[in-house]
1. Which of the peptides 48-59, 402-413 is most tightly packed, and how do the rest follow, going by the mean number of other Cβ atoms within 10 Å of each residue?
2. Where a Cα-Cα gap under 19 Å defines reach, which lysines qualify for Lys446, not counting those fewer than 8 residues away within the same chain?
3. Restricting to DSSP H runs of at least four residues, report the calculated mean residue ellipticity at 222 nm for the chain, -39500 (n - 2.57) per run over all residues, nearest 500 deg cm²/dmol.
4. Could you give the nm distance between label points at Ser13 and Lys278, where each point is 7 Å from its Cα heading toward the beta carbon?
5. What full-extension length gain, to one decimal in nm, is calculated for Ser415 and Glu202 as 0.36 nm per residue of separation minus the Cα-Cα distance?
6. Give the long-range amide H neighbours of Leu131: residues separated by 5 or more places, or on another chain, with amide H under 5 Å away, using H modelled in the peptide plane at 1.01 Å from N.
7. Assuming 0.36 nm per residue, please report the length gained on full extension of the stretch Glu56 to Glu301 beyond their Cα-Cα distance.
8. Read phi for every residue in segment 207-212 and hand back ³J(HN,Hα) as whole Hz from Karplus 6.51 cos²θ - 1.76 cosθ + 1.60, θ = phi - 60°, with x for Gly and Pro.
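None of the figures in this text is laboratory data; all of them are computed from the coordinates on show. Owing to the predicted nature of the structure, the values given are computational and were not obtained by experimental measurement. FYI the Cβ positions are ideal-geometry reconstructions off the backbone, even for glycines, and counts take in every protein chain you see.
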Amino acid sequence: MPALPQDAIYRPSPRIMALADWIGDPVQAADFPETRLRWRNDRAAHDIGLASLSDEDWLRHFGRFEPLPDNMPGPMALRYHGHQFRTYNPDLGDGRGFTFAQMLDANDRLMDLGTKGSGQTPWSRAGDGRLTLKGAMREILATEMLEALGVNTSRTLSVIETGESLYRGDEPSPTRSAVLVRLSHGHIRIGTFQRLGALQLEDEMAQLVAYCLANFPGAAFADAPHPAVRFFNQVVERMADMAASYMVAGFVHGVLNSDNMNVTGESFDYGPWRWLPKWEPGFTAAYFDHSGLYAYGRQPEAIHWNCGQLAVALRSLVEAAPLIEALNRYPELYSQAMTRRWLWRLGVEPRGLDEDTALIGACENVMVAQGTGPDAFFFAHRGGRGPFADTAESAELRDALAPYTALDSSHPYWSDAAPQSMLIDEVEAIWQPIAERDDWSALNAKVAALRRMGEAMGRRPTPMGHAIR
């Protein structure tokens with residue numbers, strides 16, 4: 001096998017193979033009729049030493065899934081259980097994806113390459129294992145927008161059109177197909193632990209805790225007497241931060257099931273997502289979420305509930321008391337993360353939790369009174385055009401802001417005519433020329449605009465629950 005060209009570093013590190021006997025099943029990728037490169041994220045690829053791959057080699061590795069040098073010998077579909085809309089389902093696992101490579105990034109973090117739409121596995125059930133091209137495009141947009149807004153998210157590394165016609169109930173059919181590769185800091189889910197707990201595999205549970213502590217290090221509770229307690233405290237911190245990042249971004253994930261919760265606190269697996277058109281806690285993303293379980297305003301509670309399910313699984317390793325104590329930290333950790341992230345997006349320096357919390361409340365009041373969404377609100381403030389009207393809510397916000405020190409808002413983005421946003425109408429408008437004329441210019445322009453917004457936002461908040469490198 002030829003050596004990879006080196007643009008930065010490529011350091012293979014297939015550590016998950018130490019768990020291969022029980023964490024997953026060897027699988028093969030589908031033999032697609034064709035492989036047409038539609039998206040390659042060289043910015044992400046550079047971090048793992050793969051940006052210098054030729055398009056031909058890119059297609060071989062990310063469309064035909066030839067193993068990367070000195071990496072995993074083949075793909076592995078991971079096993080897990082999970083609660084889906086609060087109903088336990090033991091019949092889960094990677095049904096249209098797999099993990100196929102691990103390497104260290106430029107910051108020495110262990111990173112996974114995983115797929116979506118790569119074919120059937122033992123866990124596909126009645127599914128065809130495929131992904132629509134529109135679904136892949138939506139994942140590009142979601143990950144680029146979230147990354148720009150400081151959310152700890154997986155990144156869409158590659159999208160390759162595969163030449164198949166798919167039939168779906170929620171899209172005009174037949175529709176085009178694709179295989180997507182995501183770059184993530186691990187694919188270990190809360191549901192991975194739930195499976196081990198349900199099957200009473202205590203030795204494997206202890207091995208997985210040790211794997212996570214070694215490969216997803218955190219600073220919290222380093223002296224905890226039991227590894228499971230240290231691990232769980234770190235996960236609670238990460239999940240509280242992820243919940244806050246969704247709220248500040250105005251993002252609705254849509255399907256916050258425990259099998260969609262990465263223990264690294266990294267958001268991933270984007271299906272029916274939406275961004276808020278206006279400040280509305282009851283806004284839902286998934287048409288099948290009839291009760292609003294995962295509505296925008298209920299996301300922090302849903303993520304907390306999932307943390308509780310991880311505690312139940314870890315109960316086979318350690319007594320309940322320290323796990324309950326860790327779980328009870330979540331509300332305060334969430335409040336801290338909210339203020340830190342909200343003030344970062346607002347562009348002001350923090351002053352203190354009580355004062356900062358009052359400022360957040362004043363911002364929310366303005367959005368409710370004006371029928372405004374977060375994108376327009378934060379953009380107006382950073383661009384010196386807020387608070388909006390001469391109302392009691394605006395006066396309250398002006399008073400609350402008076403003692404705060406502003407961050408640098410000199411980037412030209414803040415003088416644009418309108419903010420970047422990701423409402424459903426724009427998503428459909430970006431898809432339309434792709435569907436009709438195979439014209440990807442609108443998508444490419446949107447990604448460039450989102451990255452420019454990310455530059456204007458400045459240094460991202462450091463995710464909680466991780467070691468500082």
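1. Sorting 48-59, 402-413 by mean packing, highest first, produces 48-59, 402-413.
2. Partners found: Lys134.
3. Working: 15 runs with 189 residues, N = 469.
Helix-only estimate at 222 nm: -12500 deg cm²/dmol.
4. 4.9
5. Working: separation 213, 0.36 × 213 = 76.68 nm, distance 5.69 nm.
Gain on stretching Ser415 to Glu202: 71.0 nm.
6. Those qualifying (amide H under 5 Å, at least 5 residues apart or on another chain) are Ala178.
7. Values: separation 245, 0.36 × 245 = 88.20 nm, distance 4.58 nm.
So the extension gain works out to 83.6 nm.
8. Result, rounded to whole Hz: 5, 5, 4, 4, 4, 5.
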